[in-house]
1. For Gln74 and Thr142 in the same chain, what is the full-extension length gain: residue separation times 0.36 nm, less their Cα-Cα distance, in nm?
2. Going by alpha carbons, how many degrees (0 to 90, nearest 10) lie between the helix axis of 82-97 and the longest principal axis of the chain?
3. Would you calculate the convex hull of the Cα atoms in the stretch 126-177 and tell me its volume per residue in Å³?
4. For Val86 and Ala26 in one chain, what is 0.36 nm times their gap in residues minus the Cα-Cα distance, to one decimal in nm?
5. Cα-based Rg (one decimal) and Dmax (whole number) for the stretch 80-177, in Å?
6. Cα axis of helix 61-75 to longest principal axis of the chain: angle in degrees, 0 to 90, nearest 10?
7. Going by amide H atoms built from the backbone, whose H comes under 5 Å of the H on Leu12, apart from near neighbours?
8. Suppose each label sits 7 Å from its Cα in the direction of the beta carbon; what would the Ser130-Ser104 distance come out to in nanometres?
Amino acid sequence: MNVPGTRPGGALTADMLRRALAALGAPVAKSDQPPDDDIPALLGALTATVEAAVHDHLNEVRELERFTAAYGRQLAGHALSDVQLVAQRLGVASDQLRPPSVVSGHPVPAIAGAADAAQVAHALLSYQISLLDDPTAAQALTDAQAESLHIALEASRQARAHLDTVAANARQRGLHT
């Protein structure tokens, strides 16, 4: 079954995602009729495969510049802006960083702070995107906009507390600030 979306080229299917994973050499579970609920899991697998390749192949600033330019060209004319996609990635990054931010019941301040910082960036971008989507929003905040700002403020406080802990630990190890 097709899942509607904003992607150029039409709706994605689980079979299309399985073929993309196979083309990239990633292990793929096979079935004749993939159920619709496989699409989020397959997108996660495909994204992880591509992001690992990005990590492996973007070692210099020039490579990053070419990557960023090609990314922008691919989105040209797309219904979603690059800011919307970055906001979504930051939200995912924040969620992905939460589990490793605690090891054996103890917080890992640098990772927890990074998770909070990603959440701040996600919330601020979500707020700004909502302003662009709703031109009347400048007159009064919506509940979603107020919630985005509340999340950004709270997460920034938490990120700062984690940064203070990391800096204090670094000073104990000889960092001079």
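All of the numbers you see were taken from the coordinates with simple rules; none came from a lab. The shown structure was predicted, so the numbers you read here are calculated from the model rather than taken from an experiment. FYI the Cβ positions are ideal-geometry reconstructions off the backbone, even for glycines, and counts take in every protein chain you see.
1. 21.3 nm
2. 70 degrees
3. 86 Å³
4. Numbers: separation 60, 0.36 × 60 = 21.60 nm, distance 2.46 nm.
Computed gain between Val86 and Ala26 is 19.1 nm.
5. 16.1, 52
6. 50 degrees
7. So Leu12 has HN proximity to Val3.
8. 4.1 nm
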